[in-house]
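Encoded as C-alpha cells, the structure appears first; notes follow it.
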Amino acid sequence: EAQVTQNPRYLITVTGKKLTVTCSQNMNHEYMSWYRQDPGLGLRQIYYSMNVEVTDKGDVPEGYKVSRKEKRNFPLILESPSPNQTSLYFCASSLLPSGPHGNEQFFGPGTRLTVL
Amino acid sequence: QQQVKQSPQSLIVQKGGISIINCAYENTAFDYFPWYQQFPGKGPALLIAIRPDVSEKKEGRFTISFNKSAKQFSLHIMDSQPGDSATYFCAASTPGTIGFQKLVFGTGTRLLVSP
C-alpha cells in the first residue's frame, strides 16, 4: 500500500529534550515536506526536500532541523523543543510536478507533539 | 501574512444542503488551486483541484468555481452528507524552478453536516 508513515503518532516531552519525528514514504517520491498545523493558522511549511541531500527552509523553520540521507526518509529534528512547538505535525511527499496535474501531496497521519 | 485567505472558519449545514467555502488570493502567479479534505485523526488528502484556464471543475458532488478576475475560488458541496464532515483546506501553488511548485494553504474550514 502506497503510504506516508510517521512515528511516533503522539509524543509528550519536556522543554529542551531533543527529539526526532520520523517520516518514511514508499512511493519513490522526490519531494518531501514537513508542515505544522495549528488552530486558525492552517498548515504551515517547516522544511522541504527536493531530493536526497537537498533541503530548504519553508515558512516557519526556526527551531527545527531536517536531513534527507535516503530518498524514502525525511526525519524532523527538534534539538531543544519549546512549548511554542506544541502542535500537530504532518509529513508529506509528492513527485516533482510535471505536466498538467500539479503536485498532489500525500500526507502522513500526523504526529501530535506536546512540549511541557 | 496569509497568502490565501479562507472563509468561513467553521460551517454547519443540514444534510442535503449546499456547503460553500471561499478562498481569495493576491498572488497572480498562482497557477494551481487544490482543495484538501481532512478527517479527524487523519492527514489531509487531495479532494479536487483546478487550474486557472477553466472557470469550473466538477467531480461528483464537489465543484470548484474559479473567478480569475476576482482572484477567488470556492468549493461547493452539493447534497451535503454527514460523511462530508471534515476540515477543508484550500491551497494555491506557484510555478518554480525545475518544475517545483510550493503549496500555500488557507487556514481551514471545519464543516459539520447535521443529520
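The values are calculated or read from the model by the stated rules, or taken from the named source; none is laboratory data. Worth saying up front: this structure is predicted, and the values here are computed from it rather than measured. Every residue, glycine among them, receives a Cβ derived from its backbone with ideal geometry; neighbour counts consider all protein chains shown. Accessible surface is based on the protein model in full, side chains and every heavy atom, while ligands, DNA and RNA are left aside. Shrake-Rupley method; radii C 1.70, N 1.55, O 1.52, S 1.80 Å.
Which members of the range B:101-115 meet the condition of being of a type outside the set (Gly, Ala, Ser) and open to solvent by less than 30 Å² (accessible area, probe 1.4 Å)?
The answer is B:GLN101, B:LEU103, B:VAL104, B:PHE105, B:THR109, B:LEU111, B:VAL113.
Looking only at the range B:39-84, count how many residues are farther than 16 Å from B:LEU111 by Cα, of a type in the set (A, V, I, L, M) and not in a strand (DSSP E or B).
Count: 2.
Contact list please: Cβ distance under 7 Å, first residue in the range A:76-92 and under 18 Å from A:GLY108 (Cα atoms), second residue small (Gly, Ala, Ser) and open to solvent by 10 Å² or more (accessible area, probe 1.4 Å), pairs at least six apart or on different chains.
A:PHE90/B:GLY43
For the condition assigned to a loop (DSSP other than H, G, I, E, B), in contact (Cβ under 8 Å) with a residue 60 or more places away in the chain and not charged (D, E, K, R), what is the one hit in B:ALA91, B:ALA29?
Exactly one of B:ALA91, B:ALA29 is assigned to a loop (DSSP other than H, G, I, E, B), in contact (Cβ under 8 Å) with a residue 60 or more places away in the chain and not charged (D, E, K, R), namely B:ALA29.
Got a sec? Which of A:ARG68, A:ARG112, A:ARG44 is within 13 Å of the chain's Cα centre (by Cα) and either surrounded by 21 or more Cβ atoms within 10 Å (Cβ to Cβ) or assigned to a loop (DSSP other than H, G, I, E, B) (or both)?
Every option except A:ARG68 fails the conditions.
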